[in-house]
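The values are calculated or read from the model by the stated rules, or taken from the named source; none is laboratory data. Not measured: the values here are computed from a predicted model. Note that we place each Cβ from the backbone using ideal geometry, even for glycine, and neighbour counts take in every protein chain shown. What goes into the accessible areas is simple: the full protein's heavy atoms, side chains included, and nothing from ligands, DNA or RNA. Shrake-Rupley method; radii C 1.70, N 1.55, O 1.52, S 1.80 Å.
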Amino acid sequence: LSGIRAIGFDMDYTLAQYKQPAFDNLAFEGAKEKLVKKLGYPQEVTNFQYDHTLWTRGLIIDTQRGNFLKIDRHKYVRVASHGFDRISPTTRKHLYSRAFNKVPSFSEKQFVNMDTLFQFVDAHLFASLVDLKDKGDHEFLDFKTYEELYRDLRECVDLCHRDGVIKDEVARNPTDYIVLDKGMVPMLQQYRAAGVKVFLLTNSYWEYTSVAMNFLFHGQKVEDEEKRKNEWLELFDLVIVGSCKPAYMVDPYLNLFRVKPEDGSLLNTDGLFEIEALGENGAAKFLKAGKTFQGGNWKHLQAMLGIEAGEEILYVGDHLYSDVLRSKRTLGWRSVFIMPELEEEMQVFNSKLPLLRQMAGLRNLRDELSCLSDALQRSENAGESLVHNLLEIEEEDALVKEKLSEMADAWHSAFHPVWGAMFNTGYQDSRFAFYVENYACLYTSRASNLGLTFKSRSFRARAEKLPHDSLVADEWTEFVDTNPWENNKE
């Protein structure tokens, strides 16, 4: 961290963690009502019940077919459901198998990545509508495609975030929806005291940002007079709301507005031109008039921070695409990915380690049986005994494979009854794990964990191994330094 000059934070599900399912239900209930009253959906929609435990991060929504997919790092679909119904392996392979001249990339418009916890509401509402369309008797739904269902629900969920259905209720009762993290304020103070510039970069607008951050700063709901003081601003060198990520990271033409914290009103700025016109120490002079802004783009941010090299900025966020992948791939920022569910994932992993080790032993046994089969077939002792021995090996391998399948099901079910371990599909890394490993410099369960380390700390990459290195390093492997072809000649 010694090379980091500025550290930035997203707010929603990063500094401000939300209580599930209470927070999600605000969007879910509001969207149901809008679907029925504004878009004319059947009254049965109001009977939908939300269950966030049915979903996990990293899934892909196929909006064209009404399906939910979990794929591995090689883009093979390993688990799939249609609505709430599990898709059989045969159907799954038929729908998503690779053709001779077509390899699915899952980046087409019809596919939506579930990169953030906000999308659990979308997933559950979409699955509910798919089931209602397939199993109900509603002419209105018969004339709608799955894609139209998804577009309609997205419109309604987005409207809930804009019209106050969610944010007004959180403002009234923040204790019911926002998780207090006692380590957040000390963590931010620690980095500022160490000389690191600290900024807030969030898509939420000023009114809601003020509500959430006041609650987190004071540890309780504050009255309007106290709220207007916005004492939490002292934690940051720069605050940007309504940032419109990921466009913020890629569009250099987005305009920057100054926010008046007293009433939330906006003032025009000339952005980079104004900073340059102020001459020496232009950024410092620009920020003297106020450090709270709306919109703009990364050029404004880096100019106000006085930083040109992206690698000197560390950004902390919960959205794998908007916060992590886009900031790192486009701008070269360092990144920290926040995953609240990581704590439970690690707890389950630890409790199931004995099972994992048994599975590793059986997989090694299968490898040994395969090697034995190869050795027998290379020998010159062909005949009935060879056929008999090979048949015995094949039967034993089938028994081990069956047992392994049972154990693998038990392993994955311990994490999630439908989708399994978040970072694995079968014995492969999931696509989600692939992106986390490749684009997140660090990942942790909560932003305040950064307060457990200091600016002098260095995080070192784990030594990577290719398969041959792992094979030699495995405790089950016996290394034999011989040439099998020369042995055969002898």
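Seen from a random direction on average, the alpha-carbon convex hull of the stretch 72-154 projects onto 6.6 square nanometres. Ordered from largest to smallest accessible area (heavy atoms of protein chains, 1.4 Å probe), the residues Glu312, Glu225 come out as Glu225, Glu312. Label point 7 Å out from Asp367 along Cα-to-Cβ: which residues of the stretch 421-459 have amide N under 18 Å? The answer is 427-429, whose backbone nitrogens lie closer than 18 Å to the label point.
For Thr330, Thr269, the ranking by accessible surface with the largest value first comes to Thr330, Thr269, using a 1.4 Å probe.
What value, in deg cm²/dmol to 500, does the helix sum -39500 (n - 2.57) over DSSP H runs of n ≥ 4 give at 222 nm once divided by the residues of the chain?
Mean residue ellipticity, 222 nm, calculated: -13500 deg cm²/dmol.
Once both axes come from the Cα atoms, what is the angle between helix 342-351 and the longest principal axis of the chain, in degrees from 0 to 90, rounded to 10? The two axes meet at around 30 degrees. Put His94, His388, His52 in order of accessible area, highest first, and with a 1.4 Å probe you get His94, His388, His52. Over the chain, the hull volume per residue, using the convex hull of the C-alpha atoms, is 206 Å³.
Other residues whose C-beta falls under 12 angstrom from the C-beta of Glu437 contribute a net charge of +1, scoring Lys and Arg +1 and Asp and Glu -1. The Kirkwood hydrodynamic radius of the stretch 1-130, based on inverse pair distances between different Cα atoms, is 16.9 Å.
Taking every alpha-carbon pair under 8 Å whose residues sit at least 6 apart, the chain reaches a relative contact order of 20 percent. Overall, the chain carries a charge dipole of about 1480 debye about its Cα centre when +1 sits on the Cβ of Lys and Arg and -1 on the Cβ of Asp and Glu, all other atoms neutral.
In the calculated pair distance distribution of the stretch 328-402, what percentage of Cα-Cα distances lie above 17 Å? Distances greater than 17 Å cover 65 percent of the Cα pairs.
Taking the alpha-carbon centroid of each part, what is the distance from the stretch 326-352 to the stretch 1-31 in angstrom? So the separation of the two Cα centres works out to 14 Å. In plain terms, the chain from Arg162 to Asp409 could stretch by 84.7 nm, reckoned as 0.36 nm per residue minus the Cα-Cα distance.
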